[in-house]
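Note sheet for the following structure.
The values are calculated or read from the model by the stated rules, or taken from the named source; none is laboratory data. Just so we're clear, the structure is a prediction, and the values are computed from it rather than from any experiment. Quick reminder, even Gly has a Cβ in these numbers, built from the backbone with ideal geometry, and neighbours come from all protein chains shown. Surface accessibility is based on the protein's heavy atoms, side chains included, excluding ligands, DNA and RNA. Shrake-Rupley method; radii C 1.70, N 1.55, O 1.52, S 1.80 Å.
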Amino acid sequence: MPRLRLAVLAAALLALAACEPSSAGAAANGSRDGVAGTGYLLRVRGTRECAPTALYPAPRSRRWVGVELELEATGAHAVPASFYYARVVDSAGRSYESAPGPCAPPLRHAPLTRGARALGWASFAIDTQATGLELRFAPRLPVAPSEELRLALGS
């Protein structure tokens, strides 16, 4: 049983390592440089499995997965920079909200103005069997209709 779990974790990590932007969603541009939203650019800098800690134990049948995000403001209005606006959806349609977790430092910054950047991690407690992970990022912008950027994290 431990070997099977290690094999599943290894397969999941290999899938996460293929951080390519997807063409899903109207906002995705399919470029390795990131995805452009209204007044900002989102890039996935990397992914990793993060070890549980006493403060952030892994829930049963879950593992902590971190996604390192870079957010750059490109428009005239401030853009909120927080892990709070990120979630991951797997191929079965299960959604995992970002939460304070062991992947550090978290993406948490004052709102960004044009040209400013923020870098940090979003932590997700993801089912150990989950595959086909897709990052979704939807900050609340006062000047634009709601939009959700999508980036494939691997299958």
Could you tell me whether Arg140 is under 24 Å from Ala73 (Cβ atoms), touching a strand residue (DSSP E or B) at 6+ places or on another chain (Cβ under 9 Å) and in a loop (DSSP other than H, G, I, E, B)? yes
Quick one: is Arg45 open to solvent by 30 Å² or more (accessible area, probe 1.4 Å) and out of contact with any His (no Cβ under 8 Å at 6 or more places or on another chain)? yes
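To keep it simple, each residue is scored yes or no on (1) surrounded by fewer than 16 Cβ atoms within 10 Å (Cβ to Cβ); (2) more than 12 Å from Cys103 (Cα to Cα).
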site	(1), (2)
Ser61	yes, yes
Gly66	no, no
Phe83	no, no
Val88	no, yes
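Those residues that are small (Gly, Ala, Ser) and either in contact with a Ser or Thr (Cβ under 8 Å, 6 or more places away or on another chain) or closer than 15 Å to Gly34 by Cβ (or both), I need them from the range 131-153; list them, please. Even if it seems obvious, please write down each step before you answer.
Residues of the range 131-153 that are small (Gly, Ala, Ser), as a first pass: 132, 138, 144, 146, 152.
Within the range 131-153, Gly132, Ala138, Ala144, Ala152 meet the criteria.
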Would you please name the residue that is surrounded by the most Cβ atoms within 10 Å (Cβ to Cβ), looking only at residues in the range 122-151 that are in contact (Cβ under 8 Å) with a residue 40 or more places away in the chain and hydroxyl-bearing (Ser, Thr, Tyr)? Ser123
The conditions are (1) of a type outside the set (S, T, N, Q); (2) crowded, with 19+ Cβ neighbours inside 10 Å; (3) closer than 18 Å to Gly46 by Cβ; (4) out of contact with any Phe, Trp or Tyr (no Cβ under 6 Å at 6 or more places or on another chain), and Glu70 fails exactly one of them. Which is it? (2)
